[in-house]
Amino acid sequence: MALLQLTGITKSYGDFKAVDDVSLDIADGEFLVLLGPSGCGKTTTLRIVAGFVEPSSGHVRLGERDITTLPPWMRNAGLVFQSYALFPHMTVSENIAFGLEMRKMPKAQMAPKIAEALRLVRLDHLADRLPRQLSGGQQQRVALARALVFRPDVLLLDEPLSNLDAKLRQDVRVEIRELQRQLGLTTVMVTHDQEEALTMADRLVVMSEGRIRQIGSQQDLYERPAEKFVADFVGRSTFIDGRMDGPGRFVSAGGLVVACEASGTGSASLALRPERLALINGAAPPIDNRFPGAVEFISYLGSQVDLHVRLSPKERVIVQIQNRPEQPLPVIGEQVHIGWSKSTGRVFPS
Amino acid sequence: MVGRTALRAAAGVSLAYILLPMFFVIWLAFFAQEIPSFPPEGYSLKWFRAVPGNDRFVNGFLLSLQVAVAATAIGLSLGVPAAICLVRGRFIGRETVTNLLLLPLIVPGIVLGIALYVFHVETEIATGLPILGSLIGLIAGHVLIAIPWTVRLITASLVGMDRSVEEAAQNLGADRLTTFRRITLPAILPGMVAAALFGFIASFGNLEMSLFLVGPGRTTLPIAILQYLEWKIDPTIAAVSVLQMLFIGAAMLLTDRFVNIGRVV
């Protein structure tokens, strides 16, 4: 049974549709990530679930209840804000107690719950501090504890890691995910950071321009992107413009004939993942696609190296190779051969 | 180095310009002779002793206090909702209303006084209610002086407040009223205290407008001082001024202690 269910949610501001016909089922205990560039409607969708934005049409169900028109304070959803939004005039434990107080819990019952929440986020020793006396990471954990302590039906995370520095972000990702598993919390997180989304999610929803572009697992999105936008946004792709010239035959604008697994006809884009292209030396076994080209640019990334290889006057692709001591790196201007199997390229009609 | 010295000199001159008149008033209050002249012939506390015995000053002080407290309280209770609407609301003419509410600060007190006087006369003729020269009328006028301060200062605190903090409270189960009471109010409290203080001082010291609004036997402290000055220029006035300064200074210190601004900002 879907615990949280969005059906046909649309939010219009005049002619502009911030969210356009979004439908989602989120299962009990699932960690769902809404991923997309800024302005894609992911935050508006989250705010509709939290009750701060009323949808122009569509329904939100939480468990057995239709909560579409319910005010935020009657929804029992825990929200962690991007800015944390801690109450500046209350101590850490007062902040955490707030949700319990609003649920009219007697003081005596509150104390152990607060202590437990503090322990979960490892802040026991800071219970009496004020938010401004805490570091960003600590504030973030207070916000999390505050949203968890009253056992919400759903946990909502609005870019919760974007204000943390890179190193801390990695740790907090793991921490949040473990906590979520441990408590079996149904969670919806919003982020524009694909790495964050890929490492944390059970299932991802890619959005752009208010619409859902694809829903699926990490592998689904990466290996089988449903459209060009997803292929571009999740992972990296080089795109070659051209047209389909019969089943399995793609002809680029620059005249390259590429074997692929797509069918159909008409103008199209071929997406190639840089790490799926290979540098080929003379004696290699035959491969579906093999083209000569000149190395025009080299990005040295440490464990990997990106080669920008010119295949025709109109086409340049990026080839990512592993940096191994036994394999000498090409230099700029060098002629190389690159190749890929026909299952590598994905074709999107354009 | 030269720049810093010049800056300090400029600061010193400005400070002296502000404080010197006050210093002379305080000094004068302790002169022994009746006609102020330099150098003083001696020092005395008799002018201070004379103040509590002077009914005009005592009654003036009590009336000014009463009016200022009432005007401040009413000004706050009108100014807070007004500021919230102006900051949070989305309606046509928001800017215009904001500026209109600041107008009493810009219009000269004399003009405001005459306008209110005429308004009171006309209202009394039209309705038969005894408004002219009444305490209610006087307080209503002073509310007008307090409102620009309350609206301005509370607007500033609201603008500086993170909106998502209120949303967080609602998300945690607080309805609008609880959110206002538990989250918004504490956040704007320093602004409210400042607003109350400035409104109080503006009302307490107001002379020009009050001149048109007081009735027979109802005299505010600034008017009592003016009337006294028409007949005498002995240091009593200086002593009254010193007491007034002490009173307002104490009020400022007290509010500063009660509102621990450091905990909120």
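The values are calculated or read from the model by the stated rules, or taken from the named source; none is laboratory data. Please read all numbers here as calculations on a predicted model, not as lab measurements. Positions of Cβ are generated from backbone atoms using ideal geometry, with glycine treated the same way; all protein chains shown enter the neighbour counts.
Identify all residues within segment B:228-251 that are touching a Gly at 6+ places or on another chain (Cβ under 9 Å) and not aliphatic (A, V, I, L, M); write none if there are none.
The answer is B:Gln244, and nothing else.
So how many residues does segment A:94-112 have that are touching a residue at least 24 places away in the same chain (Cβ under 8 Å), surrounded by fewer than 18 Cβ atoms within 10 Å (Cβ to Cβ) and more than 9 Å from chain B (Cβ to nearest Cβ)?
Final tally of qualifying residues: 0.
Would you call B:Leu28 crowded, with 16+ Cβ neighbours inside 10 Å, within 30 Å of B:Val151 (Cβ to Cβ) and hydrophobic (A, V, I, L, M, F, W, C)?
On the way: crowded, with 16+ Cβ neighbours inside 10 Å: yes; within 30 Å of B:Val151 (Cβ to Cβ): no; hydrophobic (A, V, I, L, M, F, W, C): yes.
For B:Leu28, the condition - crowded, with 16+ Cβ neighbours inside 10 Å, within 30 Å of B:Val151 (Cβ to Cβ) and hydrophobic (A, V, I, L, M, F, W, C) - is not met.
Could you tell me whether any residue of segment A:64-72 is in contact (Cβ under 8 Å) with a residue 40 or more places away in the chain and in the same structural domain as A:Leu221 (by TED's automatic domain parsing)?
Looking through segment A:64-72, none of the residues is in contact (Cβ under 8 Å) with a residue 40 or more places away in the chain and in the same structural domain as A:Leu221 (by TED's automatic domain parsing).
Take the conditions surrounded by fewer than 15 Cβ atoms within 10 Å (Cβ to Cβ) and either assigned by TED's automatic domain parsing to the domain that holds A:Lys42 or closer than 30 Å to A:Asp193 by Cα (or both) and apply them to A:Gln219. Does it pass?
Here the answer is yes, as A:Gln219 does meet what is asked.
What about A:Ser312, is it touching a residue at least 40 places away in the same chain (Cβ under 8 Å) and touching a Leu at 6+ places or on another chain (Cβ under 8 Å)? Give the steps one after another, and end with the answer.
Working: touching a residue at least 40 places away in the same chain (Cβ under 8 Å): yes; touching a Leu at 6+ places or on another chain (Cβ under 8 Å): yes.
The answer is yes for A:Ser312.
So that you can scan it fast, the table gives a plain yes or no per residue for (1) hydrophobic (A, V, I, L, M, F, W, C); (2) more than 16 Å from B:Glu167 (Cα to Cα); (3) at pLDDT below 90:
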site	(1), (2), (3)
A:Leu126	yes, yes, no
A:Gly137	no, yes, yes
A:Gln140	no, yes, no
A:Ala143	yes, no, no
A:Phe150	yes, yes, no
A:Asp153	no, yes, no
A:Pro160	no, no, yes
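May I ask you to verify whether A:Leu6 is outside any helix (DSSP H, G or I), under 23 Å from B:Ser164 (Cβ atoms) and touching a Cys at 6+ places or on another chain (Cβ under 9 Å)?
On the way: outside any helix (DSSP H, G or I): yes; under 23 Å from B:Ser164 (Cβ atoms): yes; touching a Cys at 6+ places or on another chain (Cβ under 9 Å): no.
So A:Leu6 does not fit the description; no.
Could you list all residues from segment A:49-65 that are outside any loop (DSSP other than H, G, I, E, B) and under 19 Å from B:Gly173 (Cβ atoms)?
A:Val49, A:Ala50, A:Val60, A:Leu62, A:Arg65
Mind telling me which of the residues A:Thr91, A:Thr68 ends up being more than 9 Å from chain B (Cβ to nearest Cβ), touching a Pro at 6+ places or on another chain (Cβ under 9 Å) and farther than 24 Å from B:Ala187 by Cα? Working first, answer last.
Values: A:Thr91 fails: farther than 24 Å from B:Ala187 by Cα.
So the residue among A:Thr91, A:Thr68 that is more than 9 Å from chain B (Cβ to nearest Cβ), touching a Pro at 6+ places or on another chain (Cβ under 9 Å) and farther than 24 Å from B:Ala187 by Cα is A:Thr68.
Please find, among B:Gly79, B:Gly128, B:Gly137, B:Gly113, the residue that is on the phi > 0 side of the Ramachandran plot and either touching a strand residue (DSSP E or B) at 6+ places or on another chain (Cβ under 6 Å) or not charged (D, E, K, R) (or both).
Criteria check complete, one pass: B:Gly128.
Among the residues of segment B:106-132, write down those that are surrounded by 15 or more Cβ atoms within 10 Å (Cβ to Cβ) and under 18 Å from B:Gly75 (Cβ atoms).
Answer for segment B:106-132, where residues must be surrounded by 15 or more Cβ atoms within 10 Å (Cβ to Cβ) and under 18 Å from B:Gly75 (Cβ atoms): B:Gly109, B:Leu112, B:Gly113, B:Leu116.
When you go through (1) more than 14 Å from chain B (Cβ to nearest Cβ); (2) under 28 Å from A:Cys40 (Cβ atoms); (3) surrounded by 15 or more Cβ atoms within 10 Å (Cβ to Cβ) one by one for A:Leu118, which number turns out not to apply?
A:Leu118 satisfies all of (1) more than 14 Å from chain B (Cβ to nearest Cβ); (2) under 28 Å from A:Cys40 (Cβ atoms); (3) surrounded by 15 or more Cβ atoms within 10 Å (Cβ to Cβ) except (2).
Condition check: away from every other protein chain (no Cβ under 14 Å) and without any contact (Cβ under 8 Å) to a residue 60 or more places away in the chain. Does A:Val60 satisfy that?
yes
On the basis of being away from chain B (no Cβ under 14 Å) and buried (at least 17 other Cβ atoms within 10 Å of the Cβ), does A:Ala18 make the cut?
yes
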